[in-house]
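Just below is one structure, and these are the notes that go with it.
Taken together, the values in this text are just the output of simple stated rules run on the coordinates, not laboratory data. Note that the coordinates shown come from a computational prediction; the quantities given were computed from them, not determined experimentally. All Cβ positions, even for glycine, are placed from backbone atoms using ideal geometry, and neighbour counts span all protein chains on display.
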Amino acid sequence: MIDKEVHDAGEAVSGIENGATIMIGGFGPPGQPVALIEALLNRGVSDLVVINNNAGAGGDAISRLFGAGRVRKVICSFPKAIGSTVFDELFLAGKIELELVPQGNLAERIRAAGAGIGGFFTKTGYGTELAADKEVRLIDGEHYVFETPLHADFALIRASRADRWGNLVYRKTARNFGPVMAAAAKVTIAEVDHVVALGELDPEIIVTPGIYVDRFISTGYAPTNPKVTS
Amino acid sequence: MRLSRHQIAARVAKDIPDGAYVNLGIGVPTLVADYLPEDREIILHTENGMLGMGGAALPGQEDADLTNAGKVYVTEEIGASYFHHADSFAMMRGGHIDFCVMGAYQVSARGDLANWRTNSTTSIPGVGGAMDLAAGAKHVYVVMDLFSKTGESKLVQNCSYPLTGAECVERIYTDVAVFDVIPAGVRILEIFDDLDAGQLSTLVGFTLIDATTSATVRN
């Protein structure tokens with residue numbers, strides 16, 4: 001029988017070692033797997049490469065990971081955050097490496113990794129310093145820049161509901177990077193609000209099929225009010 | 001009279017047609033949503049994965065899973081849809097978004113856009129979705145004050161700040177005037193301040209094409 005649910009966040013993140021490359025879902029707080037990030041902090045691993053859209057904000061779980069000095073490099077599109085100086089201080093002191101990627105290129109590089117695509121040409125970034133030194137090709141009269149896939153050892157994502165096979169559905173804009181990250185990592189660990197019986201999720205609306213999910217925890221969150229999760 | 005931020009937003013809103021799919025950037029562009037005419041059905045896209053975005057959530061009615069690109073709690077309109085980030089940016093890059101409205105540090109006479117970093121060594125670079133919108137939206141509109149706080153024109157012959165996209169801006173709405181970028185140069189469509197086209201060219205620092213009509217020149 002397949003049952004991908006584990007009952008402890010620490011157990012869920014077991015296997016993550018120093019130096020791992022970790023995708024973390026979320027666009028700001030929505031979709032951020034807070035319990036898994038906290039378990040990762042407790043695990044004490046460091047020298048991590050983190051792939052996330054942001055670099056933490058306002059004391060959230062990701063900013064605590066940065067603040068604790070666990071991250072060697074971040075690959076993201078927007079590390080600036082109002083009211084948060086954790087990343088800024090590390091960056092300006094030269095204590096963290098930043099690979100800045102336009103947001104759509106970030107999402108598509110992650111998608112490409114999960115889909116077995118060895119790279120792609122995109123119009124985004126052409127003629128800018130973020131495309132400097134990258135291969136350019138003229139296709140149908142327009143310039144495109146070559147971008148490579150982004151793989152990871154682990155993906156930590158958050159979804160709304162799961163069944164024991166690891167089929168996932170999301171809620172509203174918390175979906176964001178979850179589905180593409182789930183496919184792009186060697187091991188995908190989800191944090192869901194609720195677990196439901198197999199068969200309860202309508203097969204037509206499952207967003208992430210369980211094939212992409214290795215294990216998950218259920219937190220029992222009811223994320224209808226921001227105060228609950230902050 | 002120069003326009004206020006809200007007046008500029010209202011002026012942009014007037015030009016968004018019925019049925020358009022629109023992405024609004026952070027800052028003054030977000031205000032455009034408040035002025036979209038009630039009799040038009042305009043669908044707002046937010047890069048974090050939603051079409052049919054509604055206005056800001058009322059205090060106490062925020063949903064922790066529903067924000068806009070500026071991480072402000074918003075609402076959903078009837079008919080809204082959600083999708084993941086790669087789909088959201090495929091929508092932009094693939095030319096499906098009709099209009100995007102963004103702020104800018106500088107726009108050049110060729111329509112080059114600079115809005116993601118300055119040359120300051122202590123600033124934290126952050127690009128977000130700006131380059132994707134610049135490359136992919138059908139019509140790229142910019143909203144900005146025409147002059148910086150120190151009085152320099154932000155409409156320039158060549159951008160001194162790093163580019164977000166080359167030759168992508170089609171129209172520039174400012175507190176002083178509205179401009180179109182066309183192959184022959186920059187054309188003035190409307191002037192709000194007490195200036196004529198010649199005086200405006202002098203202030204901007206290069207020759208602008210005058211396409212104002214008597215109805216749109218206020219002096």
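Could you tell me which trypsin sites (Lys or Arg not before Pro) in the stretch B:12-112 are loop residues by DSSP with no more than 11 other beta carbons within 10 angstrom of their beta carbon?
Working: sites: B:Lys14, B:Arg40, B:Lys71, B:Arg93, B:Arg110; in loops: B:Arg40, B:Lys71, B:Arg110.
Qualifying residues, ordered by number: none.
Taking only Cα atoms and a 10 Å spring cutoff, compute GNM fluctuations for chain B and point out the largest among B:Asp34, B:Asp175, B:Asp63.
B:Asp63
Relative to a virtual label point 7 Å from the Cα of B:Arg5 in the Cα→beta-carbon direction, which members of the stretch B:29-56 show backbone nitrogen distances below 15 Å?
B:29-35
Please give the calculated 222 nm ellipticity per residue for chain A, where each DSSP H segment of at least 4 residues contributes -39500 (n - 2.57) and the sum is spread over every residue; nearest 500 deg cm²/dmol? Let's see the in-between values first.
Working: 7 runs with 52 residues, N = 230.
It lands at -6000 deg cm²/dmol.
Picking from B:Gly25, B:Gly60, B:Gly136, which is most flexible by a Gaussian network model of chain B using Cα springs under 10 Å?
B:Gly60
What per residue convex hull volume, in Å³, do the alpha-carbon atoms of the stretch B:5-174 yield? Display every interim value, and only then the final one.
Values: hull volume 21.9 nm³, N = 170.
Cα convex hull per residue, to the nearest whole number: 129 Å³.
Hey, got a sec? Which trypsin sites (Lys or Arg not before Pro) in the stretch B:149-209 land in a DSSP loop and have at most 11 other Cβ atoms within 10 Å?
Working: sites: B:Lys149, B:Lys154, B:Arg171, B:Arg187; in loops: B:Lys149, B:Lys154.
Filter output for the stretch B:149-209: B:Lys149.
Considering every pair of different Cα atoms, what Kirkwood radius, in Å, is found for the protein assembly as shown?
On the way: mean 1/r = 0.0436 Å⁻¹.
Evaluated on the protein assembly as shown, it is 22.9 Å.
Can you tell which of B:His85, B:His45, B:His139 shows the greatest fluctuation in a Gaussian network model of chain B with Cα springs below 10 Å?
Per the Cα network of chain B with a 10 Å cutoff, B:His85 tops the list.
Return the lysines within reach of B:Lys154: Cα separation strictly under 26 angstrom, same-chain partners fewer than 8 residues apart disregarded; answer none if there are no such residues.
By straight Cα distance, B:Lys154 reaches A:Lys80, A:Lys123, B:Lys14, B:Lys138.
Nearest 20 debye, what's the magnitude of the dipole of chain A about its Cα centre given +1 on Lys and Arg Cβ and -1 on Asp and Glu Cβ?
Numbers: 22 positive and 27 negative charges, 60 e Å.
Dipole size: approximately 280 debye.
Give me the net charge for the shell around B:Ala86: Cβ to Cβ below 15 angstrom, other residues only, Lys and Arg +1, Asp and Glu -1.
On the way: positive: A:Arg109, A:Arg111, A:Arg175, B:Arg93; negative: A:Glu108, A:Glu147, B:Glu47, B:Asp87, B:Asp132.
It works out to a net charge of -1.
To the nearest 20 debye, what charge dipole does the stretch B:5-174 have about its Cα centre, counting +1 at the Cβ of each Lys and Arg and -1 at the Cβ of each Asp and Glu?
So the dipole magnitude of the stretch B:5-174 works out to roughly 760 debye.
Measuring from label point to label point, each 7 Å out along Cα→Cβ, what is the B:Glu38 to A:Arg72 span in nm?
Distance between label points: 6.0 nm.
GluC sites (Glu not before Pro), restricted to the stretch A:129-230: which are DSSP loop and have at most 15 other Cβ atoms within 10 Å? Can you show the working numbers first?
On the way: sites: A:Glu129, A:Glu135, A:Glu142, A:Glu147, A:Glu191, A:Glu200, A:Glu204; in loops: A:Glu135, A:Glu200, A:Glu204.
Here the sparse-neighbourhood loop sites are A:Glu135, A:Glu200, A:Glu204.
Arranged by the count of other C-beta atoms within 10 angstrom, fewest first, what order do B:Met1, B:Met53, B:Met131, B:Met102 take? Don't skip to the answer; put the middle values down first.
Values: B:Met1 10, B:Met53 24, B:Met131 33, B:Met102 27.
Ordered from fewest to most neighbouring Cβ atoms within 10 Å, B:Met1, B:Met53, B:Met131, B:Met102 come out as B:Met1, B:Met53, B:Met102, B:Met131.
Using a Förster distance of 25 Å, how high is the FRET efficiency between A:Ala197 and A:Asp8, based on the Cβ-Cβ distance and rounded to 0.05? Mind showing how you got there, number by number?
On the way: r = 22 Å, r/R0 = 0.86.
Efficiency, from the Cβ-Cβ distance: 0.70.
Once label points are set 7 Å from the Cα along Cα→Cβ at both B:Asp196 and B:His96, what is their separation, rounded to one decimal in nm?
5.0 nm
Going by average Cβ neighbours within 10 Å, how do the peptides A:104-110, B:75-81 rank, with the highest at the top? Walk me through the intermediate numbers first.
Values: A:104-110: 28.0, B:75-81: 13.1.
The peptides rank, most packed first, as A:104-110, B:75-81.
R0 = 25 Å: FRET efficiency of A:Lys95 with A:Ala132, Cβ-based, nearest 0.05?
Details: r = 24 Å, r/R0 = 0.98.
E(calc), rounded to 0.05, equals 0.55.
What FRET efficiency comes out for the pair A:Phe146/B:Gln61, r = Cβ-Cβ distance, R0 = 51 Å, nearest 0.05? Walk me through the numbers before you get to the answer.
Details: r = 45 Å, r/R0 = 0.89.
That gives a FRET efficiency of 0.65.
Which net charge results for the neighbourhood of B:Met102, defined as the other residues with beta-carbon distances under 12 angstrom from its beta-carbon, given Lys and Arg at +1 and Asp and Glu at -1? Show your work: numbers first, answer last.
On the way: positive: B:Arg171; negative: B:Glu47, B:Asp132, B:Glu170.
Here the count lands on -2.
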